[in-house]
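This report concerns only the one structure given below.
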């Protein structure tokens with residue numbers, strides 16, 4: 001198996017890297033300082049550059065590239081700022097993929113081209129106050145009444161809540177127990193009865209909004225049904241790709257921290273010589289490099305093996321779990337190598353540590369990924385219920 005990027009992929013990576021370094025650094029800084037999501041002008045830039053919907057079919061307004069192409073694009077922008085890269089994440093790895101793969105044709109043609117054009121952001125609304133890891137305990141209801149769907153319930157921990165334009169809302173759509181009764185509907189911001197609570201304040205994720213979401217007899221048309229009751233498996237298949245986006249975010253943060261510190265240790269001097277000359281520093285660098293390369297290979301395996309389809313739960317969970325762990329380790333080591341400078345907000349490492357921790361919580365916690373991996377190994381799911 002050849003792990004070398006081809007000429008087109010290398011050119012894509014270098015183009016996005018130059019664009020990010022040359023035109024996005026000020027925007028990344030402003031997003032972090034103001035704690036505001038990227039605005040319409042950034043979305044237009046991304047769309048004009050072909051950075052949205054990289055792995056979505058051209059007939060739906062996408063670029064028609066591979067999942068690996070999308071990984072390469074996302075990583076280069078996320079190295080600067082996960083919040084800045086979030087629209088790319090959502091358009092290439094988010095719930096719009098569930099729409100593109102499983103929703104009725106009319107919805108695909110109505111929603112996906114807008115996302116690829118930077119005219120709409122779609123977020124996923126899964127978790128609830130009493131249904132996070134135990135997602136099949138969700139109680140938000142979407143009841144079909146004639147030619148309408150009536151949604152009632154509450155969602156929590158939705159990245160993009162309040163800022164995104166539409167939401168794929170996981171809902172209980174029949175009286176069947178557990179996963180059998182779950183489907184999803186699309187609810188657009190501004191729909192009567194749909195409101196947001198106070199914005200959450202997190203340790204990191206500045207510029208990525210999150211808030212409780214309330215649905216009080218929200219009425220949407222039947223054509224907003226993404227998948228009906230019994231479609232939970234399809235939704236989670238699409239979510240396997242989201243794990244690869246999460247992995248990319250973690251890897252980008254870790255890689256950018258490492259790149260920064262690699263230069264720092266060659267410039268910073270103590271006892272009359274660069275600190276890279278000390279063996280302890282060399283060992284830390286080698287350990288971080290090994291973990292970064294291993295993480296990248298696990299990610300590439302998951303997306304390349306999927307080709308134009310969706311990744312397997314086993315390979316995507318392994319990639320996510322490993323990247324979520326190493327970003328915490330790498331950013332911690334980088335901070336230690338920089339000493340007090342690493343802890344200072346005048347330097348980028350403290351932000352990278354704050355943002356890096358979040359991805360091991362978002363999209364399924366690290367330990368849950370390990371349960372997924374074990375389930376894939378033995379070929380059956382494990383009940384967590386008493």
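Please compute the modelled spin-label separation between residue 23 and residue 59, points set 7 Å along Cα→Cβ, answer in nm with one decimal.
3.1 nm
Defining a contact as two alpha carbons under 8 Å apart and six or more residues distant in sequence, what relative contact order in percent does the chain show?
For the chain, the relative contact order is 15 percent.
Quote the relative contact order of the stretch 233-378 in percent (integer), defining contacts as alpha-carbon pairs under 8 Å separated by 6+ residues.
Dividing the mean separation by the residue count of the stretch 233-378 yields 33 percent.
For the chain, take the longest principal axis of its alpha carbons; what is the angle in degrees between that and the long axis of helix 67-78, to the nearest 10 within 0 to 90?
Once rounded, one gets 60 degrees.
Determine the gain in length on full extension of the stretch residue 263-residue 106; use 0.36 nm per residue of separation and subtract their C-alpha separation, reporting nm with one decimal.
Extra length available between residue 263 and residue 106 comes to 51.4 nm.
Based on the Cβ-Cβ distance of residue 336 and residue 2, what FRET efficiency does E = 1/(1 + (r/R0)^6) give at R0 = 35 Å, to the nearest 0.05?
Working from the Cβ atoms, E equals 0.45.
Using a 10 Å cut-off on Cβ atoms, rank the peptides 83-91, 62-70, 362-370, 133-141 from the highest mean neighbour count down.
Numbers: 83-91: 26.6, 62-70: 21.7, 362-370: 18.0, 133-141: 16.1.
Highest-to-lowest ranking by the protection proxy: 83-91, 62-70, 362-370, 133-141.
Nearest 500 deg cm²/dmol is fine: what mean residue ellipticity at 222 nm does the chain get from its DSSP H runs of n ≥ 4 alone, each adding -39,500 (n - 2.57), divided by its residue count?
Details: 13 runs with 197 residues, N = 386.
About -16500 deg cm²/dmol.
Taking a ≥ b ≥ c as the square roots of the eigenvalues of the Cα gyration tensor of the stretch 122-230, is the shape rounded (a/c under 1.5), prolate (a/b larger than b/c) or oblate?
Cα axes put the stretch 122-230 in the oblate bin.
Under a plain spin-label model, where a point goes 7 Å from the Cα along Cα-to-Cβ, how far apart in nm are residue 325 and residue 33?
Placing both labels 7 Å beyond Cα along the Cβ direction yields 3.9 nm.
By how many nm would the segment from residue 203 to residue 188 grow when fully extended, if each residue of separation counts as 0.36 nm and the alpha-carbon distance is taken off?
2.6 nm
For a test of the definition: using alpha carbon positions, the gyration tensor, and the 1.5 limit on a/c, classify the stretch 7-116 as rounded, prolate or oblate. Could the numbers behind the result be given before it?
Values: a/c = 2.27, a/b = 1.42, b/c = 1.60.
In terms of gyration-tensor shape, oblate.
May I ask you to sort 253, 326 by Cβ crowding, counting other Cβ atoms within 10 Å and putting the fewest first?
By the 10 Å Cβ count, ascending, the order reads 326, 253.
Sorting check: for 271-277, 200-206, which peptide has the highest mean count of neighbouring beta carbons within 10 Å, and how do the rest follow? Before the final figure, lay out the partial values.
Details: 271-277: 12.4, 200-206: 16.6.
With the highest mean Cβ count within 10 Å placed first, the list reads 200-206, 271-277.
Would you mind classifying the stretch 113-163 by shape? Square roots of the alpha carbon gyration tensor eigenvalues, ordered a ≥ b ≥ c; an a/c under 1.5 is rounded, otherwise it is prolate if a/b is larger than b/c and oblate if not. Could you put the intermediate results ahead of the total?
Details: a/c = 2.75, a/b = 1.24, b/c = 2.22.
Oblate shape, in that a/c is at least 1.5 and b/c is the bigger or equal ratio.
Quote to one decimal, in nm, the extra length available between residue 147 and residue 297 on full extension: 0.36 nm per residue of separation minus the C-alpha distance between them. Numbers along the way, then the final one.
Values: separation 150, 0.36 × 150 = 54.00 nm, distance 4.79 nm.
Difference between extended and current length: 49.2 nm.
Please determine, in degrees from 0 to 90 and to the nearest 10, the orientation of helix 366-378 with respect to the longest principal axis defined by the Cα atoms of the chain, where the helix direction is its Cα long axis.
70 degrees
Which angle from 0 to 90°, rounded to the nearest 10, does the C-alpha axis of helix 349-358 make with the longest principal axis of the chain?
On a 0 to 90 degree scale, this one is about 30.
All of the numbers you see were taken from the coordinates with simple rules; none came from a lab. All figures in this text were calculated on a predicted structure; none of them were measured in a lab. So basically every Cβ, Gly included, is an ideal-geometry build from the backbone, and we count neighbours across all protein chains shown.
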